[in-house]
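For reference, the structure is listed below as structure tokens.
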Amino acid sequence: MGVFTYETEITSVIAPARFFKAFILDSRNILPKAVPQAIEKIDTISGNGGPGTVYKVHLAAGGPFKYMVHQTDALDTQNLTYSYTVPEGDVLRDVLEKFSYDTKFEANQDGGSIVKSKITYYTKAGVEISEDQLRIGEDKVDGLYKGVEAYLVANPDAYN
């Protein structure tokens, strides 16, 4: 198995605590509303939202993938950090064993956020991943952040 790590940052006009509350703590509800072209629905399989919670994410119809299983590894609401692993789903194709995200929401000088993510891909034996392949996945995740940001801008009273 190979291990590849990729780090990314996005900036947002949304304050970190509000963005974290919406995107992380209430992802089950906000993602299908904010990015219905990507996420159809999210079901809780087990857990109460904290570490160990397992979700099944149903991806929107018409895309190349149908689902992924998302397991919460760590959640720190005071430091606005969140870690999860995707150990199952057709998004892994025959390339990945799993992948994991470590995310931190920080304040920027304009009152918005900097969202820092470290993504670790665990490939199946003998499989290499190119930088372009890594970027495709990250562009999709960036689209989720931007969709939630747009939803929060359009709904200024939500998640305060």
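Each value in this text was obtained by applying a stated rule to the coordinates, not by laboratory testing. Predicted model, so just to flag it, every value in this text is computed and none were measured. Cβ: placed from backbone, ideal geometry, glycine included. Neighbour counts: every protein chain shown.
Observations
- Separation of the ALA158 and ALA17 label points, Cα + 7 Å toward Cβ, nm: 2.0 nm
- Pairwise FRET efficiency - ILE45 versus ASP139, Cβ, R0 = 25 Å, nearest 0.05: 0.35
- Neighbour net charge for ARG18 - beta-carbon separation under 13 angstrom, K R +1, D E -1: -2
- Net charge, ASP43 excluded, C-beta distance under 15 Å - Lys, Arg +1, Asp, Glu -1: +1
- Cα-based helix-to-principal-axis angle, 131-154 vs the chain, degrees rounded to 10: 20 degrees
- When shorter helices are ignored and each DSSP H run of at least 4 residues is given -39500 (n - 2.57), the per-residue value for the chain at 222 nm works out to -7000 deg cm²/dmol.
- Pairwise label distance in nanometres, GLU97 with ARG28, each label 7 Å out on the Cα-Cβ vector: 3.0 nm
- Above-threshold pairs, the threshold being 29 Å between Cα atoms, out of LYS56/LYS124; LYS124/LYS146; LYS33/LYS124: LYS124/LYS146; LYS33/LYS124
- Rel. contact order, % - alpha carbon contacts under 8 angstrom, at least six apart, the stretch 27-124: 16 percent
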